[in-house]
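Student: Have a look at this one.
The values are calculated or read from the model by the stated rules, or taken from the named source; none is laboratory data. On a predicted model such as this, the values are computed, not experimentally measured, just so you know. FYI the Cβ positions are ideal-geometry reconstructions off the backbone, even for glycines, and counts take in every protein chain you see.
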Amino acid sequence: MPAREIRFRLNGSERRAEVEDQVLLLELVRGLGLAGTKLSCDMQVCGACTVLLDGRPVSSCTTLAIEADGRAIETIEGLADGTALHPLQQAFIDKFAFQCGYCTPGMIVAAKALLDELPRPDRATVRRWMDGNICRCTGYETIVDAVVAASERMGGAK
Amino acid sequence: MGTLRRFEVHRATSVDEAVELRRRYGDDAAVYAGGTELLLAMKLGVARYAHLIDVKPIAAISGVTRTDGIVRVGATTTHWELERDPLLRRALPAFARMEANVANVRVRAAGTLAGNLAFAEPHADPPALLVALGARVTLQGSNGARMVAVADLITGVYETAIGPDEILTHIEIPVPPEDARVAYVKFQILERPSVGVAAIATLREGRFVGAPTLVVGAVDEVPRRVATPRLAGASARAAETRDAIAEAARAAVEPIPDLAGGVEYKRHLVGVFTLRALDELVAEAA
Amino acid sequence: MNADRDARGDRVASTDSDVRPERDVSAGIDVERAGTGGPAGTSAPRADGVAKVTGAARYAIDLALPGMAHAVVVRSTRPHARIVSIDRESAAASPGVLRVITGADLLAAGLWPYYGHIVLDHPVLAIERVRYQGEPVVAVVAESKREAAEAADLVSIEYEDLPIVVDADEALAPDAPIVHEQRGERVGDEGMDQGEAELVGNVCAIARVGWGDVDAAFATADVVVEGEYRYPMLYGYAMEPYNALAFFDQGDLTVYSSAQHVYMVRRDLARMFHLPHARVRVIAPYVGGGYGTKSYTKIEGIASSAAYLTGRAVKLDLSVEEAMLTTRSDSSHIRARSAFTKDGRLLARDFDIVMNSGAYTDNSPIVNSKTANRVFGPYKIPALRVVSRSVFTNTVPGSSLRGFGAPQGNIAGELQMDEAAAKLGIDAVELRLRNLVGPGEEIIPGKRPIDADLRDDLRCLATALDWPGAEGHAVGLGVSASDAGAYPTSTAAVRIHADTSVTLFTGSSELGQGSRTVLGQIVATELGVPLSAVSVVSSDTGVVTYERTTGASRTTTVTGKAVQEACREARRRVRQLAADVLGVPLGSVQDGPGGVRAKGETLTYGEVIERWFGAGGEVLAHGAVRRAEHFQKMPPFWEIGCSGVRLSIDRDTGLVHVDRLTTVGDVGFAINPALVHGQDAGAAMMGLGAAVREELVYEGGQLVNPNVVDYRVPRFSDVPDEMVHLLAERHDGAGPYGAKGAGEGAGNTIGASVASALGRILGVFPHELPVTPERVWRLLRSRA
């Protein structure tokens, strides 16, 4: 099967790739060396593979890579500005919002989509938005703490 | 899982082209939009197609419009768009709320309402409410277009009335009269709802104006309409009305037992959630 | 911390107790407050923080080698069958395929094809017979994963079905189908040291604990409670599924793996390939969740044999669905009796336990023996009889999972305390207080006396939960004490570099529990160097020092002690070097922060090292702990569980709503309070999942929910309205600074707590977990 050329913006850089149709977005980004995006449940319920496609969170395990054609992909690797961490990343560290860290990239990316849309969510809103992201280690509360702390740090308008 | 077997995606730019592709590839092809159900089934190996017909490039079947008391949802419109759509939120707030609680945020961002209907997974939220609202879909095939009520579209578990060369292009949802109340409540402990009840009624001084519409979804193979003709004019709060409604709802379904519960329990839940839907109508009317 | 949590904390702190609300749950190093003279005792930020929030952390699943091949496993579709034939011709001819491997191939190649750290009965790939649906039968190795997967579809296996047994009680029947007609070779005694003659039929292991005249005690009892209890089979769902990358170099085997216990895996692989331990290197980089599920060998043998037979580096990544077919926890069915005097003194307890251990031995004998000695609780019991049998069935092999027998037993032991309280008309907390062992008293004769104040813990827990609850809510709580820490063999090494920075080598794996952070804190504290000058290298058998396991909540206590020993040895060596370079007697050299003091001079480690060597150099020191001194008496420490819930139910649906979950972390001393908090919160949520929702369901020999859509683990929406975590720091542990382990205890009592709270609401105590809405509804209806 002939590969298709796609052009997309990946964490701010224009990229080009040749992909066969059945290649998944997860395979594309990990194939490009961005291994922060993780595969776990493979059924769109755990959120470890969350990336933003034109700002919307999607399960990259169940999204075709060709869907990225002409669009912007944002992965966990795109959040920090050089060595300066994104406020969400810093808050996750400060609040001990992870342990094994396997869910963390997807968790942070999902939270970013939330704060992009709702800069000052309350705890209930955070819980509801993040309900599709599973963490097996923390018991979740510290993650809510971190998202709320980041939103405050980012000075989101209430 | 983890890898998809090979297939080719055909990007249709018009409905005619999509119809033509369906004719050409027959059972080897599936219509593809959000992919949340289709790609999952393919990863699980329960479905295998050599060709996917991508309908997302078809501009004519996207977005939400309203004309003459009907909200028209294009087939490629996602749940994410519907829960945020200002027009839909104004015209059918209960529907927008239901959309905001479908699956999780990522599935909503990619999955479409039309895909949800076309896949006919019985444990789903939208069908019951759409049936209650009297929604219809447009199916376009090589012999032209036809309108089918959602109630007639879903014919069984993963089975629909969509013909082999047809494309579901739009969902048309009549906006209920100004004084009608609409509610959708569900019980969900797993990834999908195990009981969903849609209720529509007009209440005046606590009594039904005409018969209320009640549809139970997610529990049986297809959404089931609850027989309510005797309830026209009944007091919504009266114990005998409530008992009659719960009884009628329980009798309307043949629950599918699964990990969320057995037949008896689910039938009980149907009664409970039918009354909760009713309570929501009454509370809203008050 | 938010205001309402502070308010709750104050209420508890005002009691006359050592229990305090959690402190310092945000990252920060306040050495003044720590009291150890260093960062030990502070919520130092995680050593792996930046790596994990930026996506830079590399797990075994992320690793690749140029030219590596990929393996895909073909699994048995039958729960019990003889393999008649395997047709692999078309698979072998499929594009990209390097080799299609069967169990017979391993035998033909002269490899030892079984693994197991207790009994060698687990075939790497099935040999002649399959014993559960999902068992690996064939490994297809190809240039790409896609090609391997496509070829795997072409493998056709012909089976001849054999009778199956799925239920453990049925497996004990005299005419039950036998899962293992021949037993594997015994290579470990743990959990297998009893009842040799009784290991017949499907009995995998047997454990007995007891003393006193039980029958006589029951005969004199005023009140007896009796019942049967069930705890479900669970899947731990560590989010990184099992995976391994194996290759041979000059005949030496290297395996990158998601394993918790790299040294245990090394032993299995060395045996398999007839290699000396020194020629097998097992490396666990960051591990994406463990919880016991990654203890011991899983799929390393498949990846390694594929590498051996193809001469290539081979990667094997399981899916989560396959992981669910690899390991689960042992379920329990317990027949229990407890006898009391009318004033609530325990006279005797009697437990007959059957554990469903699945198709292979794995770690079930130890889980079984732990269930046996954790089931009766930390009470003064004049007469006790426990017999626990681990039973083979045609289901996914059972093995370790957080709590390790404790939650499986606690449901019976603790719930009977509540049932007895109701029957006796005595408050359930008071009943426990009357029977709990006090600090320094023995739970089991000859074992380490309990290193905790359970009565104080329980009182604080009860206060924090507003015991006994109010209208519309009910409180359930409980205690447990686990003989934790595993066998206390641990070593560590520290290298002090010429710039006074330090590298710690430890065999302990970073599973997320924070071992790198905590062990680094101990090093920084012991050596008086900043945390930023300490680097931790872990879990690589080719480099680091021996560590028996990373499990049983042992790292802080046991490994921490080895690290302390290594630091002390390093300081001794530096003093020796300083005495040499300064020409002073050894006795006149004093330890100082980050160096030594002598002759009125202060020298950093680096200065001592450079002056001794002339240029460059380093000091290397080893520390070891064994079953001696602090750890002579087993267990190394008692892990305390003291948690509970406050809940309500929706009477229409049976849905349980937990509005408060409280844990008391009785950890002796929190070397990193925020990490203790994380362990308690995580363990408690895992316990809650098992209490209300999680259960692997079998229909016949088929697992019907082998994915995390149908096997639902807790989500954000399942978090109780309030989570309250208390800390008890009495410096009563055998670990560094009086610390003892955490990480499992907080979850151990949650199942029984939920059941007991429900019992108070329903008027009937549920004896089976999880209490799904349907089960609660049925109980409600049975009362109506």
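Student: Name the one entry in C:55, C:49, C:35, C:41 that is farther than 29 Å from residue A:83 by Cβ and either within 28 Å of the chain's Cα centre (by Cα) or at pLDDT 95 or above (or both).
Tutor: Just one listed residue meets the conditions, C:41.
Student: With (1) part of a strand (DSSP E or B); (2) more than 30 Å from residue C:766 (Cβ to Cβ) as the list, and residue C:225 as the residue in question, which single condition is left unmet?
Tutor: (2)
Student: Would a scan of segment B:158-165 turn up a residue that is more than 27 Å from residue C:774 (Cα to Cα) and assigned to a strand (DSSP E or B)?
Tutor: Looking through segment B:158-165, at least one residue is more than 27 Å from residue C:774 (Cα to Cα) and assigned to a strand (DSSP E or B).
Student: A further question on this structure: Name the single residue, out of those in segment B:57-86 being of a type in the set (Lys, Arg) and in contact (Cβ under 8 Å) with a residue 24 or more places away in the chain, that is nearest to residue B:100 (Cα to Cα).
Tutor: B:72
Student: For segment C:34-64, give me each residue that is part of a loop (DSSP other than H, G, I, E, B) and either within 8 Å of another protein chain (Cβ to nearest Cβ) or under 23 Å from residue C:313 (Cα atoms) (or both).
Tutor: C:43, C:45, C:46, C:48, C:54, C:55, C:56, C:57, C:58, C:63, C:64
Student: Pick from segment C:481-525 the residues that are within 28 Å of the chain's Cα centre (by Cα) and among the charged types (D, E, K, R): which of them is farthest from the other protein chains (Cβ to nearest Cβ)? Show your work before the answer.
Tutor: Of segment C:481-525, the ones within 28 Å of the chain's Cα centre (by Cα) are C:481-494, C:503-525.
With the extra rule that they be among the charged types (D, E, K, R), the set shrinks to C:483, C:510, C:516.
Numbers: C:483: 24, C:510: 8, C:516: 12 Å.
The extreme case among them is C:483.
Student: Is there a residue in segment C:621-636 that is aliphatic (A, V, I, L, M) and free of Cβ contacts under 8 Å to residues at least 60 places away in the same chain?
Tutor: Let us first name the residues in segment C:621-636 that are aliphatic (A, V, I, L, M), namely C:621, C:624-625, C:628, C:634.
If we keep only those that are free of Cβ contacts under 8 Å to residues at least 60 places away in the same chain too, we end up with C:628.
Looking through segment C:621-636, at least one residue is aliphatic (A, V, I, L, M) and free of Cβ contacts under 8 Å to residues at least 60 places away in the same chain.
Student: Can you tell me which residues in segment C:430-453 are within 26 Å of residue C:335 (Cβ to Cβ) and of a type in the set (A, V, I, L, M, F, W, C)?
Tutor: Correct list: C:431, C:436, C:437, C:443, C:444.
Student: While we're on this one: If you take just the helices (runs of 4 or more DSSP H) that sit entirely in segment B:1-97, which of them hold at least 2 residues that are among the charged types (D, E, K, R) and crowded, with 18+ Cβ neighbours inside 10 Å?
Tutor: B:79-84
Student: Among the residues in segment C:173-188, are any assigned to a helix (DSSP H, G or I), surrounded by 15 or more Cβ atoms within 10 Å (Cβ to Cβ) and touching a Phe, Trp or Tyr at 6+ places or on another chain (Cβ under 7 Å)? Step through it out loud before you land on a result.
Tutor: Filtering segment C:173-188 down to residues assigned to a helix (DSSP H, G or I) leaves none.
Looking for residues that are assigned to a helix (DSSP H, G or I), surrounded by 15 or more Cβ atoms within 10 Å (Cβ to Cβ) and touching a Phe, Trp or Tyr at 6+ places or on another chain (Cβ under 7 Å), one finds none in segment C:173-188, hence no.
Student: Can I ask one more? Return yes or no: is residue C:294 part of a strand (DSSP E or B) and within 14 Å of chain A (Cβ to nearest Cβ)?
Tutor: no
Student: Looking at (1) in a helix (DSSP H, G or I); (2) more than 9 Å from every other protein chain (Cβ to nearest Cβ); (3) in contact with a Gly (Cβ under 9 Å, 6 or more places away or on another chain), can you tell me which one residue A:113 breaks?
Tutor: (2)
Student: Would segment C:774-784 turn up any residue that is assigned to a loop (DSSP other than H, G, I, E, B) and modelled with pLDDT of 95 or more?
Tutor: Scanning segment C:774-784, I find no residue that is assigned to a loop (DSSP other than H, G, I, E, B) and modelled with pLDDT of 95 or more, so the answer is no.
Student: Going by the structure shown, is residue C:574 within 27 Å of residue C:267 (Cβ to Cβ) and either in contact with a Cys (Cβ under 7 Å, 6 or more places away or on another chain) or more than 14 Å from every other protein chain (Cβ to nearest Cβ) (or both)?
Tutor: Against the criterion (within 27 Å of residue C:267 (Cβ to Cβ) and either in contact with a Cys (Cβ under 7 Å, 6 or more places away or on another chain) or more than 14 Å from every other protein chain (Cβ to nearest Cβ) (or both)), residue C:574 does not qualify.
Student: Of the residues C:738, C:751, C:743, which is within 30 Å of residue C:564 (Cα to Cα) and away from chain A (no Cβ under 14 Å)?
Tutor: Going through C:738, C:751, C:743 in turn, the sole match is C:738.
Student: Could you look through segment C:681-732, keep only residues that are more than 14 Å from chain A (Cβ to nearest Cβ) and without any contact (Cβ under 8 Å) to a residue 40 or more places away in the chain, and pick out the one that is nearest to residue C:648 (Cα to Cα)?
Tutor: Only one residue fits best here, namely C:697.
Student: Exactly one condition in (1) surrounded by fewer than 17 Cβ atoms within 10 Å (Cβ to Cβ); (2) in a helix (DSSP H, G or I); (3) touching a residue at least 24 places away in the same chain (Cβ under 8 Å) is false for residue C:219; which is it?
Tutor: (3)
Student: Cβ-Cβ below 6 Å, separation at least six or inter-chain, first residue in segment A:9-35 and within 13 Å of chain B (Cβ to nearest Cβ) and under 16 Å from residue A:74 (Cβ atoms), second hydroxyl-bearing (Ser, Thr, Tyr) and part of a loop (DSSP other than H, G, I, E, B): which pairs?
Tutor: Between residues of segment A:9-35 that are within 13 Å of chain B (Cβ to nearest Cβ) and under 16 Å from residue A:74 (Cβ atoms) and residues that are hydroxyl-bearing (Ser, Thr, Tyr) and part of a loop (DSSP other than H, G, I, E, B), the close pairs are A:25/A:63.
Student: Would you check which residues across segment B:160-207 are surrounded by fewer than 21 Cβ atoms within 10 Å (Cβ to Cβ), of a type in the set (D, E, K, R) and closer than 28 Å to residue A:132 by Cα and list them?
Tutor: B:191, B:192
Student: Within segment C:85-138, track down each residue that is among the basic types (Lys, Arg) and over 20 Å from residue C:268 (Cβ atoms).
Tutor: Across segment C:85-138, the qualifying residues are C:88, C:99, C:129.
Student: Within segment A:94-108, is even one residue part of a helix (DSSP H, G or I), acidic (Asp, Glu) and either within 14 Å of chain B (Cβ to nearest Cβ) or more than 23 Å from residue C:723 (Cβ to Cβ) (or both)?
Tutor: No, because not a single residue in segment A:94-108 is part of a helix (DSSP H, G or I), acidic (Asp, Glu) and either within 14 Å of chain B (Cβ to nearest Cβ) or more than 23 Å from residue C:723 (Cβ to Cβ) (or both).
Student: Follow-up question, since we're still on this one. Of the conditions (1) among the small types (Gly, Ala, Ser); (2) under 20 Å from the mean Cα position of the chain (by Cα); (3) modelled with pLDDT of 95 or more, residue C:738 satisfies every one except a single condition; which number is it?
Tutor: Unmet condition: (2).
Student: Of everything in segment A:36-70, what is more than 12 Å from chain C (Cβ to nearest Cβ) and touching a Phe, Trp or Tyr at 6+ places or on another chain (Cβ under 6 Å)? Give them in sequence order.
Tutor: Correct list: A:68 only.
Student: Select from segment A:122-157 the residues that are part of a helix (DSSP H, G or I), within 23 Å of residue C:511 (Cβ to Cβ) and over 17 Å from the mean Cα position of the chain (by Cα) and list them in ascending order.
Tutor: Result: A:141, A:142, A:145.
Student: Looking at segment A:65-81, can you tell me whether even one residue there is closer than 25 Å to residue C:711 by Cα and part of a strand (DSSP E or B)? Quick ask: steps written out before the conclusion?
Tutor: Narrowing segment A:65-81 to residues closer than 25 Å to residue C:711 by Cα: none.
For segment A:65-81, residues closer than 25 Å to residue C:711 by Cα and part of a strand (DSSP E or B): absent.
Student: Then there is this: Take the residues in segment B:68-117 that are in contact with a Lys or Arg (Cβ under 7 Å, 6 or more places away or on another chain) and within 27 Å of residue C:716 (Cα to Cα); name whichever of them is nearest to the other protein chains (Cβ to nearest Cβ).
Tutor: B:109
Student: Scan segment B:23-34 and tell me whether some residue there is within 10 Å of chain A (Cβ to nearest Cβ) and basic (Lys, Arg).
Tutor: No, segment B:23-34 contains no residue that is within 10 Å of chain A (Cβ to nearest Cβ) and basic (Lys, Arg).
Student: State yes or no: is residue B:242 over 25 Å from residue B:64 (Cα atoms), touching a residue at least 24 places away in the same chain (Cβ under 8 Å) and within 14 Å of another protein chain (Cβ to nearest Cβ)? Can you show your working first?
Tutor: Details: over 25 Å from residue B:64 (Cα atoms): yes; touching a residue at least 24 places away in the same chain (Cβ under 8 Å): yes; within 14 Å of another protein chain (Cβ to nearest Cβ): yes.
Criteria met by residue B:242.
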